[in-house]
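Structure first, commentary second.
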């Protein structure tokens, strides 16, 4: 007896607006009815919905591009610094080699002049 009265009470209750909001229907008429039957949101709920979150995918792509740009710039300036250092060392070695060659050249000239005598 108790179960039959409970069954009749649940059958006679009108469909709540939350059930309409959670229904998965594809017709426009049912969707419009669900939106019209929904209660007006409070000010706090409206403020919470107004803030749009930044997408994780968009943030990840932006972070990836910024990271690769910064890494590329740091790597470029590091390679440029190493290139300048190696060029200066090479130039110093070439100047020293030229100085030694000129010494050997003068020494050979003096030896040749002594042999002619």
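The values are calculated or read from the model by the stated rules, or taken from the named source; none is laboratory data. Please read all numbers here as calculations on a predicted model, not as lab measurements. Note: ideal-geometry Cβ built from the backbone for every residue, glycine included; neighbour counts use all protein chains shown.
So that you can scan it fast, the table gives a plain yes or no per residue for (1) assigned to a loop (DSSP other than H, G, I, E, B); (2) modelled with pLDDT of 65 or more:
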| site | (1), (2) |
| --- | --- |
| 19 | no, no |
| 23 | yes, no |
| 32 | no, yes |
| 54 | yes, no |
| 80 | no, yes |
Query raised in the report: Considering 94, 89, 62, which residue is in a helix (DSSP H, G or I), surrounded by 10 or more Cβ atoms within 10 Å (Cβ to Cβ) and either under 36 Å from the mean Cα position of the chain (by Cα) or modelled with pLDDT under 65 (or both)?
Result: 62
**Report entry** Qualifying position, being surrounded by fewer than 10 Cβ atoms within 10 Å (Cβ to Cβ) and either part of a helix (DSSP H, G or I) or modelled with pLDDT of 95 or more (or both), among 5, 69
**Finding:** 5
